[in-house]
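Contents: one structure, followed by commentary.
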Amino acid sequence: MSLPTVFLTVQTVGLIWLGGSFGPFIDPDAAYYFAAINLDAGISIRFLFHPGVSLIVFGGAVIGGASKLLYSGSFGANSLLHFDSLMLIARFSVALFTSSCSLIAGIMVARASSSVPLGLILQAGLFSSAHAVTFGARLMPEPFLVGIASLLVAVTFCAALKSFASMRLSIVAGVLATVGLATKILFLPFILLYPVAAGFRARPQVTYLAAMTMSLILALLPAWKELQIFTGYIDSIAHAKGAYGSGERGFIDYGAAFLALSRIGRDYWIDLLATAISLLILRRQVGSVEGSLIGRTVFAMALVIFASIAIVSKQYYAYYLVPAISIAPFMLGVALTYSRIAREMCSYVRFSSICIGVVIVQLVAGRVWTTYQFYSDANAQKGAEVIVEKPLMALRSTCYVLPSYSVGLFEYPIIFGFLYANRNDDQVVFYNDAIRLSFDRVLLNYDYFNKAVFIPGDMRDVNSVIPVDACVAVVSSYPLFADQLPFKRPVDDICRVGDIRVALINHSCIDLNLPRQAD
């Protein structure tokens, strides 16, 4: 059962390689970081869009414990002064949590089914998609949910082998479903997994629902007073066609949904093919009571995947489907192992084990290579940020610097996390002179095409904050065009180092000794 070890090793190497670089890893990691230290400081959790409660509690325990063990003095000051190191610890802890959950899940399945290959292919869900590996050590819901999903699938599968007679497994399944749902609303389809697999058996259904209800109440207690933030966010998404509750009134934009479905097919066609093959293999799996339960369990997993696709088709990002897609390899493994022909032919059992082994090797090798390329690009951006930061540091006393959320220059990750974790509320224990100084001439502009910038406690129009004759430097890892920036003064020059662009007003690339962006 070494696949979680491989996964954790890949994540650890990536963290060490990048060090304190958070350019590509600010959103939403920094927001969850500040939400976690808010919780540690006894302040109400304000970042509840996902709602993220489970991850915030987990992050609070890790960051609070690490801060006390490693540093003396004020927790609020340490959370700012040692942001990079504490964030690295938190990110490693997420990878460790996910790996541990997968390890336990694989062992459970292997013991219950007497099939080591089946346990391994459940663990192969860690490598089911490129985003599963490249985002595996992020302080964000998706990698955390991969671990929860693997445990819930393992518990459901083991319960099916026992004809759902175990009350303990029903309780555990209810608790796991709650932890996932309290982490992100996109886990909602997973709450169908256990009851659909159990069918019309009253005892496991009642036990599961009771455990889920009671644990959900407990899970939401840390954020009970602020749940209107989450419910308001979900309501806006449900009544608007655009992303994040924006755009025209209505439930869905069919053109955008069709585009999302085509992108899902492009990004996850292999996983969807594995899901379809699994259903085809077990479509007549009714030869025994165990066979019927296994077939229903596979159907329940397919239902989770398709329901997840339906939900994210309204607003699609590839990493949204990582938890659901992570169970696709296990579906195929179960189908190959428990099909009727597998029970009748010992040679087929050996053949299915070989097939499972090939799938695992291909998954792991492909994803490790993809992750290497991803971290190479991130490391290149880190180097470009270092080159750009030196001349900008010299300008900072006279220029306004506006980093976009895709770069980690100066204290920008702290500013971003502060805004999204506190929602413009400066009445928090760590809001002191240190945090005020970090805002000096560095203005938050989450989207540099947006005219609003963040200053402590308020959002203002960029041209009302920055004088017309001031020096300005806009920094981004995305393309910058002079005619698209929201300033009254025209842009004088645009520099480029690697993927980092710097748009300048009242200065030139020659002044900063940086190469000019090619036309």
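The values are calculated or read from the model by the stated rules, or taken from the named source; none is laboratory data. Quantities reported herein were computed from a predicted structural model and do not represent experimental measurements. Counting neighbours? That spans all protein chains shown, and the Cβs are built from the backbone with ideal geometry, glycine included.
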| remark: Of the listed residues (115, 93, 102, 129), the one being touching a Pro at 6+ places or on another chain (Cβ under 8 Å) and in contact (Cβ under 8 Å) with a residue 24 or more places away in the chain is 102
| query | What about residue 143, is it assigned to a helix (DSSP H, G or I), under 28 Å from residue 62 (Cβ atoms), touching a residue at least 60 places away in the same chain (Cβ under 8 Å) and assigned by TED's automatic domain parsing to the domain that holds residue 295? | reply | yes
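Residues are listed down the side, and each one gets a yes or a no for (1) surrounded by 12 or more Cβ atoms within 10 Å (Cβ to Cβ); (2) modelled with pLDDT of 80 or more; (3) of a type outside the set (S, T, N, Q); (4) within 27 Å of residue 57 (Cα to Cα):
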site: 205; (1), (2), (3), (4): yes, yes, no, no
site: 227; (1), (2), (3), (4): yes, no, yes, yes
site: 230; (1), (2), (3), (4): yes, no, yes, yes
site: 233; (1), (2), (3), (4): yes, no, yes, yes
site: 244; (1), (2), (3), (4): no, no, yes, yes
site: 257; (1), (2), (3), (4): yes, no, yes, no
site: 264; (1), (2), (3), (4): yes, yes, yes, no
site: 274; (1), (2), (3), (4): yes, yes, yes, no
site: 277; (1), (2), (3), (4): yes, yes, yes, no
| remark: In the set 150, 115, 128, the lone residue that is crowded, with 24+ Cβ neighbours inside 10 Å, modelled with pLDDT under 85 and under 13 Å from residue 330 (Cα atoms) is 128
| Among (1) in contact (Cβ under 8 Å) with a residue 12 or more places away in the chain; (2) more than 14 Å from residue 402 (Cα to Cα), which single condition is residue 472 missing? | (2)
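How about region 382-401: which of its residues are among the β-branched types (Val, Ile, Thr) and part of a loop (DSSP other than H, G, I, E, B)? Spell out how you get there, then give the answer.
So in region 382-401, the residues among the β-branched types (Val, Ile, Thr) come out as 386-388, 398, 401.
Residue satisfying the conditions is 398 alone.
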| field | Those residues of region 280-302 which are touching a helix residue (DSSP H, G or I) at 6+ places or on another chain (Cβ under 6 Å) and modelled with pLDDT of 85 or more, in sequence order | value | 296, 297, 298, 300, 301, 302
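Here's the yes/no breakdown for (1) outside any helix (DSSP H, G or I); (2) farther than 30 Å from residue 266 by Cβ:
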{"site": "78", "(1), (2)": "no, yes"}
{"site": "84", "(1), (2)": "no, yes"}
{"site": "94", "(1), (2)": "no, no"}
{"site": "102", "(1), (2)": "no, no"}
{"site": "105", "(1), (2)": "no, no"}
{"site": "119", "(1), (2)": "no, yes"}
{"site": "133", "(1), (2)": "no, no"}
{"site": "138", "(1), (2)": "yes, no"}
| said: Being over 24 Å from residue 175 (Cβ atoms), touching a residue at least 40 places away in the same chain (Cβ under 8 Å) and buried (at least 23 other Cβ atoms within 10 Å of the Cβ) narrows it down to one residue among 79, 54; which is it? | reply: 79
| The lone exception for residue 184 - which of (1) in contact with an Asp or Glu (Cβ under 9 Å, 6 or more places away or on another chain); (2) surrounded by fewer than 22 Cβ atoms within 10 Å (Cβ to Cβ); (3) closer than 29 Å to residue 230 by Cβ it fails | (2)
